[in-house]
Amino acid sequence: MLISSVDKCRLPQHVAIIMDGNGRWAKKLGNQRLFGHRKGVNSVNAAVEISTELGIKHLTLYAFSTENWSRPKDEVDGLMSLLVSTIQDQTPKLNKNNIRLNAIGDLDSLPAAVNKKLMNAIEKTSQNTGLVLTLALSYSARWEIINAVKEICKEVQQGKLDVEAINEQSFPLYLTTREMPDPELIIRTSGEQRISNFLLWQCAYSEFYFSPVLWPDFTKEEFIKAIVDYQGRERRFGKTSDQVKV
Ligand code: IPE
Ligand code: IPE
Ligand code: MG
């Protein structure tokens, strides 16, 4: 599917991806799981490039969940070093393409070297005005929501916030995604059809696209297919079809 199939006037502002299937991809070839994670970096680059080419404003990638800490130590260590080397390699390209790096999740729980490299890259790209590339790292939506609730409770206790002022508009300002719109489209690769603790508040009205393709095989074409599929849907937000037809 070609880029010309995309209606540039009806682009999602925010696409979020649950990048899944690296391990299975590697196993299929008789390799270690880490081989799949390494190959997955190419698909990350492709998704970033096509998002920039299309003019999508926000791309959020679920790279490591809080639950992923329970994987074998070798895999976790391998993923962390892959993260460091990828950030190192890609930062000049991010700057060249005017991309701002951002991260959400319990970033303090990352190894110090990873945290430092990440903060450094975020700082180095902070003036860029094009695509906002957000990595969800040590991220869990329940953790995020609990943190928001704690923050709100503190402000109420200190008399800074009126309980009556807590509503659907003010609550998300306490989430790590406060600076971005909710994702209109969430893609999950590898055929799994679940949310795995990703953006639970923010996905209230997201469109979901489940691709059978394993993440290392997810090309720009596959990304375009997802966008075109999304553009063929009618988003009703509780209204009737007649009400939303233009
Ligand atoms: C996604 O691929 C990457 C991460 C969760 C870090 P997986 O590692 O989950 O691959 P599968 O699902 O086992 O194939
Ligand atoms: C979800 O993938 C997390 C990321 C893509 C980073 P998992 O492979 O960890 O999800 P489950 O455990 O199969 O739900
Ligand atoms: Mg998986």
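The values are calculated or read from the model by the stated rules, or taken from the named source; none is laboratory data. Since the structure is predicted, the reported quantities are computational estimates derived from the model, not experimental observations. Here the Cβ positions follow ideal geometry from the backbone for every residue, glycine too, while neighbour counts run over all protein chains shown. Only protein heavy atoms, including side chains, enter the accessible area calculation; ligands, DNA and RNA are left aside. Shrake-Rupley method; radii C 1.70, N 1.55, O 1.52, S 1.80 Å.
Of all the listed residues (Val84, Val76), the sole one being of a type outside the set (Ser, Thr, Tyr), open to solvent by less than 30 Å² (accessible area, probe 1.4 Å) and modelled with pLDDT of 95 or more is Val76.
Residues in the stretch 49-71 that are within 16 Å of ligand 2 (Cβ to nearest atom) and part of a helix (DSSP H, G or I) were compared, and the one that is farthest from Asn95 (Cα to Cα) is Ser70. Scanning the stretch 191-246 for residues that are among the charged types (D, E, K, R), closer than 23 Å to Glu49 by Cβ and open to solvent by 80 Å² or more (accessible area, probe 1.4 Å) yields Glu221, Lys225. The single condition from (1) of a type in the set (Lys, Arg); (2) under 25 Å from Val41 (Cβ atoms); (3) open to solvent by 40 Å² or more (accessible area, probe 1.4 Å) that Arg188 fails is (3). Any idea which residue in the stretch 157-175 is nearest to the chain's Cα centre (by Cα), counting only those that are farther than 16 Å from Leu199 by Cα and surrounded by 14 or more Cβ atoms within 10 Å (Cβ to Cβ)? Out of the qualifying residues, it is Ile166. With the condition kept exactly as written, say whether any residue in the stretch 119-136 is in a strand (DSSP E or B), free of Cβ contacts under 8 Å to residues at least 40 places away in the same chain and more than 18 Å from Gln202 (Cα to Cα). No, the conditions are met nowhere in the stretch 119-136.
Matching residues to (1) assigned to a helix (DSSP H, G or I); (2) within 14 Å of ligand 3 (Cβ to nearest atom):
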residue	(1), (2)
Cys9	yes, no
Val15	no, no
Asp20	no, yes
Ala47	yes, no
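When the stretch 190-228 is filtered for residues that are β-branched (Val, Ile, Thr), more than 24 Å from Thr176 (Cα to Cα) and not in a helix (DSSP H, G or I), the ones remaining, listed by number, are Val213, Thr219.
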